[in-house]
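K.L.:
One structure is given below, represented as structure tokens, and several questions about it will come after.
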Amino acid sequence: MVLFAKLHFHMGSFMNVKKNSKPMDMSAWIDSRQSQGLYFFSREEALKYLQISGSTFKKAAMRLAYKNRICRIRSGFFVIIPLEYSATGILPAEWFIDDLMGYTGQSYYVGLLSAAALHGAAHQQPQQFHVVTTGALREIKIHDLTIRFFSRASLDKVALNRVKVQTGHIPVSTPEATALDLIRYSRRIGGIDRVFTVLQELGETMDPKKLEDAVKTDGNVAYIQRLGFLLEKAGFSSLAEPLSMWVSRQKTFPIKLDISLPASGVKKDERWKVLVNLDIEGDL
């Protein structure tokens, strides 16, 4: 599935409020946008629609931010905070991530622990919102919200679902694609132990045929060896079997289960050619 970035970033095209002879002030404009279900705006939109100077915009934005009415996410991009979120001062990331990524012009999908949680594997609620995109973006930390970005060269072959959220739909990696990403980025999300715990729940939502298709598309043998080993250990033999058949047809080498740990003298799992250098202890 090919994912296209929102290169046309709204720029007021959703605004149905007609301009009066007297320009609307920024507070009223914010109210107007929220009434239409829009919880974001850009500096460029505000300057264009309100016909104000940069200095006037800055002063108005500072006043509204002080009142927890708006919050700057990154340079030029703001979210609108409704009353029910004024105490936290920030919206849930899924409310505005699509618009933020449209503003950056980069393709993306919600992945890893955030995707797993959206698919029901929420035993360990992630403290961060995970986004996979095509270019390096700096982590965003605002109040209690952290958005982490993970970079991949291409997203074209990643299987995605469109998941409905408060403000529309967002692209989320399928359970099968999510499982592979958990292996791929395991060191950055808490290690193999945490991946195993998530797979214990995520496996309930995975389909053997879709997993086999995801594996063929991905093609990274080492990732698939680790994933097959963990799924089998978690009791999902129906998911592990097609992976075992696929791996048996590839040129394989013994690999460490945890690449950050030594593997001297450890037991090797012959089925998966995995050097078991970590005692897996899931939380479930």
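The values are calculated or read from the model by the stated rules, or taken from the named source; none is laboratory data. Computed from a predicted structure; not experimentally measured. In this analysis, Cβ positions are derived from the backbone assuming ideal geometry, glycine residues included, and neighbour counts consider all displayed protein chains.
K.L.:
Can you go through A136, A122, A179 and tell me which one is out of contact with any Lys or Arg (no Cβ under 9 Å at 6 or more places or on another chain) and more than 27 Å from A234 (Cα to Cα)? It would help to see each step written out before you state the result.
P.N.:
Working: A122 fails: more than 27 Å from A234 (Cα to Cα); A179 fails: more than 27 Å from A234 (Cα to Cα).
The unique qualifying residue is A136.
Every residue, every condition in (1) of a type in the set (K, R); (2) modelled with pLDDT of 95 or more, yes or no:
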{"site": "L7", "(1), (2)": "no, no"}
{"site": "G12", "(1), (2)": "no, no"}
{"site": "K19", "(1), (2)": "yes, no"}
{"site": "M101", "(1), (2)": "no, yes"}
{"site": "Y109", "(1), (2)": "no, yes"}
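K.L.:
When you check L112 against the structure, is it in contact (Cβ under 8 Å) with a residue 40 or more places away in the chain, in contact with a Leu (Cβ under 7 Å, 6 or more places away or on another chain) and more than 24 Å from D193 (Cβ to Cβ), yes or no? First the steps, then the outcome.
P.N.:
Values: in contact (Cβ under 8 Å) with a residue 40 or more places away in the chain: yes; in contact with a Leu (Cβ under 7 Å, 6 or more places away or on another chain): yes; more than 24 Å from D193 (Cβ to Cβ): no.
No; evaluated as a whole, the condition is false for this residue.
K.L.:
Please work out which residue is farthest from A87 (Cα to Cα), limiting yourself to the stretch 143-169 and to residues that are surrounded by fewer than 23 Cβ atoms within 10 Å (Cβ to Cβ) and among the β-branched types (V, I, T).
P.N.:
V163
Condition check ((1) in contact with a Phe, Trp or Tyr (Cβ under 6 Å, 6 or more places away or on another chain); (2) in contact (Cβ under 8 Å) with a residue 12 or more places away in the chain; (3) not in a strand (DSSP E or B)) across all residues:
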residue: A60; (1), (2), (3): no, yes, yes
residue: I73; (1), (2), (3): no, yes, no
residue: D99; (1), (2), (3): yes, yes, yes
residue: G102; (1), (2), (3): yes, yes, yes
residue: A117; (1), (2), (3): no, no, yes
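K.L.:
A further question on this structure: From the list D181, D156, D193, which one is in contact with a helix residue (DSSP H, G or I) (Cβ under 6 Å, 6 or more places away or on another chain) and not in a strand (DSSP E or B)? It would help to see each step written out before you state the result.
P.N.:
Values: D156 fails: in contact with a helix residue (DSSP H, G or I) (Cβ under 6 Å, 6 or more places away or on another chain); D193 fails: in contact with a helix residue (DSSP H, G or I) (Cβ under 6 Å, 6 or more places away or on another chain).
Only one candidate passes the filter, namely D181.
K.L.:
Would it be correct to say that L137 is buried (at least 20 other Cβ atoms within 10 Å of the Cβ) and either part of a loop (DSSP other than H, G, I, E, B) or acidic (D, E) (or both)? Walk me through how you get there before you give the answer.
P.N.:
Values: buried (at least 20 other Cβ atoms within 10 Å of the Cβ): no; either part of a loop (DSSP other than H, G, I, E, B) or acidic (D, E) (or both): yes.
When the stated conditions are applied, L137 does not pass them.
Residue by residue, here is whether (1) within 17 Å of R271 (Cα to Cα); (2) buried (at least 20 other Cβ atoms within 10 Å of the Cβ); (3) polar (S, T, N, Q) holds:
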{"site": "R184", "(1), (2), (3)": "no, yes, no"}
{"site": "L199", "(1), (2), (3)": "no, yes, no"}
{"site": "K209", "(1), (2), (3)": "no, no, no"}
{"site": "A222", "(1), (2), (3)": "yes, no, no"}
{"site": "L227", "(1), (2), (3)": "yes, yes, no"}
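K.L.:
Ok, one more. Among the numbered conditions (1) in contact with a strand residue (DSSP E or B) (Cβ under 9 Å, 6 or more places away or on another chain); (2) on the phi > 0 side of the Ramachandran plot, tell me where T167 comes up short.
P.N.:
(2)
K.L.:
Pick out the one residue from A117, A121 that is more than 18 Å from D213 (Cβ to Cβ) and surrounded by fewer than 23 Cβ atoms within 10 Å (Cβ to Cβ).
P.N.:
Numbers: A121 fails: surrounded by fewer than 23 Cβ atoms within 10 Å (Cβ to Cβ).
Of A117, A121, the one residue that is more than 18 Å from D213 (Cβ to Cβ) and surrounded by fewer than 23 Cβ atoms within 10 Å (Cβ to Cβ) is A117.
K.L.:
Specify which of the listed residues (L64, L38, L47) is under 30 Å from V158 (Cα atoms), hydrophobic (A, V, I, L, M, F, W, C) and either touching a helix residue (DSSP H, G or I) at 6+ places or on another chain (Cβ under 9 Å) or not in a strand (DSSP E or B) (or both). Write out each step before concluding.
P.N.:
On the way: L64 fails: under 30 Å from V158 (Cα atoms); L47 fails: under 30 Å from V158 (Cα atoms).
Sole residue among the options that is under 30 Å from V158 (Cα atoms), hydrophobic (A, V, I, L, M, F, W, C) and either touching a helix residue (DSSP H, G or I) at 6+ places or on another chain (Cβ under 9 Å) or not in a strand (DSSP E or B) (or both): L38.
K.L.:
Quick one: how many residues across the stretch 229-284 are part of a loop (DSSP other than H, G, I, E, B), more than 17 Å from F196 (Cα to Cα) and either touching a Gly at 6+ places or on another chain (Cβ under 7 Å) or not acidic (D, E) (or both)? First the steps, then the outcome.
P.N.:
Keep residues of the stretch 229-284 that are part of a loop (DSSP other than H, G, I, E, B), which gives 234-236, 249-254, 257-267, 270-273, 276-284.
Among the residues that remain, those that are also more than 17 Å from F196 (Cα to Cα) are: 249-254, 262-267, 270-271, 273.
Next, from what is left, pick out any that are either touching a Gly at 6+ places or on another chain (Cβ under 7 Å) or not acidic (D, E) (or both): 249-254, 262-267, 271, 273.
Residues flagged as part of a loop (DSSP other than H, G, I, E, B), more than 17 Å from F196 (Cα to Cα) and either touching a Gly at 6+ places or on another chain (Cβ under 7 Å) or not acidic (D, E) (or both) within the stretch 229-284 amount to 14.
K.L.:
Quick one: in the stretch 24-37, of everything that is surrounded by 18 or more Cβ atoms within 10 Å (Cβ to Cβ) and hydrophobic (A, V, I, L, M, F, W, C), which residue is nearest to A87 (Cα to Cα)? Don't jump to the end; show me each part of the working.
P.N.:
Start the filter on the stretch 24-37 by keeping residues that are surrounded by 18 or more Cβ atoms within 10 Å (Cβ to Cβ), which leaves 26, 29-30, 33.
Those left that are additionally hydrophobic (A, V, I, L, M, F, W, C): 26, 29-30.
Working: M26: 21, W29: 22, I30: 18 Å.
Filtering first and then ranking leaves I30.
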